[in-house]
Every structure is written in C-alpha cells, then in structure tokens.
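Peer 1: Encoded as structure tokens, here's the structure I'll be asking about.
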Amino acid sequence: MKRFAGLLLPLAITAFTLSGCAWGKKTSTPEVPAFSADTAFKEGNEKLKKGNYEEAREAFQKLQQEDLNKSYDIVTRLRIADSYYEEGRYDEAITEYQQFLNMHPTNKLASYAQYQVAMSYFKQITTIDRNARFFKDALAGFEALIDNYPKSPYLDESKERIRILTNKAAEYEFYVANFYFKKGSYNAAINRLEGILTNMPRSSVEADTLYHLAMSYENLKNTEKAKYYYSLLIEKYPKEEGKFNASSRLSKLNAKN
C-alpha cells in the first residue's frame, strides 16, 4: 500500500504540472494587418472629400512615414497641400505647393501645383485697392504657368483667370480716372485712361475708356486728340458708339474745322 501511494505522488505532481502549464498558457494576440499604402491613401482621400481636413493631413503624413517604398510620396505632398487649400488656409497651402515645385519642377503634376499657388492668391482677392499684393501674386502665378508649362491642362483656365484679373485692374483704374474726370481734372484722368489702353488692352471697360479720353481731350480743347479717340471708339465698338453718341460728337468737331 505504501508502495502504491509512493507511485501516486509523482504522478499527481506531473499531472498538476501539466495542467498548470495549460492554465497558464497565454492566448495568442490577433495579427495586426500589414500596412497597405493603397488603403492608407484611399482613407486619406475619403477624409479629404468629407471635409475632415485635419484627419486627412494626419493620414497622409502617416502614409509618408510608413510607406517605405515611397510609392505615394509625390502625390501625398500635393494632397497635404490640397487639405490646406480646401480648408481656406491659403498661406499654408502656398508653402506646401511651392515646396513641391522646388522639389519636383519637372514632374507631370508640377503645373497643377503652380495653378494652385496662383489660385491660392486669387481666392484671397476681394478688391484690388485692398488686396494689391494678392492681385499681383495671382497674376504672376498664372503667367508663370503659361510660361513654364505651355502644355498644361490648366492653360486655358489660367488664361481665363488672367483675363478676369486684367478686367478687374482695368475697372479699378477706370474708377479712379472717372473720379478725376468728374472733378474736371482731365489731365489726371487722361493719364489713367491711356494707361488702361497701354497696359490692359481689350479690357471690359475699353469702350468707356475711349469715350472718356475723347471727352477729356475735347474739354481741354485738343480737337485732334478728341477726334482720334471718337473715331477709334466708332471703329472698334460700332454697336456701342450710339450709347456714347460718338458719331454726333465727331461730326460736330469735324464741322468746326
């Protein structure tokens, strides 16, 4: 009996030890999915589309850090810039787009970055007199795109923006010129009006500019100059000359000779 009990003790200890190993064994943790640059980029774009700009930037910045192959590095830089642009944080957007241009001036996406730089300035223009810097920088930005990226898909849009900016500048100059005209300061008005014709040809206020030039010279008794601008108005804007009664005024000046 004692011998049998002695055999049971080692067996009990062995069983206890084995069962203890089973109870103390840790459960395996679930595997973390491997990082996918494609998935990360898609998630960042979705956040950007939903207007979650801060979260989108964080997603793109994480992608920059973890994408060892750098397969999305170039486009991710632009997406970060886009997040600032869409949020209306134009200064930060300009910095990011410009950094992209400095690093990748010949990349196929460079003209997009250049266009966005110009648009970031354009978006901040309210009136030319208050936002002269934005006006000049926007104009310079669109002109740079035309000069540096003549095959850009944003070429036509840039030309249209330049036309809009040119018209805005001409309208402002005409506003100032008309102020002088109404005061009877005809020489000051002429200086501004002739500047419009020289620097902003074919602007939206060109017909009005020609008329006020003719009138200013007529008031200064400079008949030849007045006749020249009335004639130019009739020639370039035959459908509008009736609005200014230009033909009648020109006829009276010719009759005086």
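Peer 1: Two-decimal Rg/Rh of the range 171-222 from alpha-carbon positions, Kirkwood Rh?
Peer 2: Reported Rg/Rh, Kirkwood definition of Rh: 0.93.
Peer 1: Kirkwood Rh and Cα-based Rg: tell me the resulting Rg over Rh for the chain, rounded to two decimals.
Peer 2: Rg divided by Rh gives 1.51.
Peer 1: Rounded to the nearest 0.05, what FRET efficiency do T106 and K70 give with R0 = 22 Å and r taken as the Cβ-Cβ distance? Could you check?
Peer 2: Computed FRET efficiency for T106 and K70: 0.75.
Peer 1: By how many degrees, 0 to 90 and rounded to 10, does the Cα axis of helix 90-103 deviate from the longest principal axis of the chain?
Peer 2: Rounded to the nearest ten degrees, it is 80.
Peer 1: For the range 27-184, what's the relative contact order in percent, using C-alpha pairs closer than 8 Å and at least 6 residues apart? Can you show the working numbers first?
Peer 2: On the way: 152 pairs, mean separation 20.1, N = 158.
Rounded, it is 13 percent for the range 27-184.
Peer 1: So if each residue of separation counts as 0.36 nm, and I subtract the Cα-Cα distance between Q98 and R163, what length gain in nm does that give?
Peer 2: 21.0 nm
Peer 1: Which FRET efficiency, nearest 0.05, do E171 and E86 yield, Cβ-Cβ r, R0 25 Å? It would help to have the intermediate numbers written out before the result.
Peer 2: Numbers: r = 29 Å, r/R0 = 1.18.
Plugging the Cβ-Cβ distance into 1/(1 + (r/R0)^6) gives 0.25.
Peer 1: Cα centroids of the range 186-257 and the range 64-100: how far apart, whole angstrom?
Peer 2: The range 186-257 and the range 64-100 have Cα centres spaced 51 Å from each other.
Peer 1: With unit charges on the beta carbon (Lys/Arg positive, Asp/Glu negative), name the residue among L139, S152, F122 whose Cα is farthest towards the positive pole of the charge dipole of the chain.
Peer 2: So the residue we want is F122.
Peer 1: Quick one: grab the alpha carbon gyration tensor of the range 95-180, order the square roots of its eigenvalues as a ≥ b ≥ c, and give me rounded if a/c is under 1.5, else prolate or oblate depending on whether a/b is larger than b/c.
Peer 2: prolate
Peer 1: Ok, one more. Which of the peptides 92-101, 221-230 is most tightly packed, and how do the rest follow, judged by the mean count of other Cβ atoms within 10 Å per residue?
Peer 2: Packing order, densest peptide first, comes out as 92-101, 221-230.
Peer 1: Tell me the accessible surface of T198 in square angstrom (1.4 angstrom probe, heavy atoms of protein chains only), to the nearest ten.
Peer 2: Accessible area, nearest 10 Å²: 110 Å².
Peer 1: Rank N199, N69, A188 by how far each Cα sits towards the positive end of the charge dipole of the chain (+1 on Lys, Arg Cβ; -1 on Asp, Glu Cβ) and give me just the farthest.
Peer 2: A188
Peer 1: Can I ask one more? How large is the dipole of the chain about the Cα centre if only Lys and Arg carry +1 and Asp and Glu carry -1, each at its Cβ, rounded to the nearest 20 debye? Show your work: numbers first, answer last.
Peer 2: On the way: 37 positive and 33 negative charges, 53 e Å.
Result for the chain is approximately 260 debye, rounded to the nearest 20.
Peer 1: Express in nm, to one decimal, how much length is gained between T126 and N148 on full extension, taking 0.36 nm for each residue of separation and deducting their alpha carbon distance.
Peer 2: 5.2 nm
Peer 1: Nearest 10 degrees is fine. How inclined is helix 53-66 to the longest principal axis of the chain, computing both from alpha carbons?
Peer 2: Roughly 60 degrees, rounded to the nearest 10.
The values are calculated or read from the model by the stated rules, or taken from the named source; none is laboratory data. The model shown is predicted, which means the values in this text are computed figures rather than measured ones. All Cβ positions, glycine included, derive from the backbone under ideal geometry; neighbour counts span all protein chains shown. These accessible areas exclude ligands, DNA and RNA; they are computed on the full protein's heavy atoms, side chains included. Shrake-Rupley method; radii C 1.70, N 1.55, O 1.52, S 1.80 Å.
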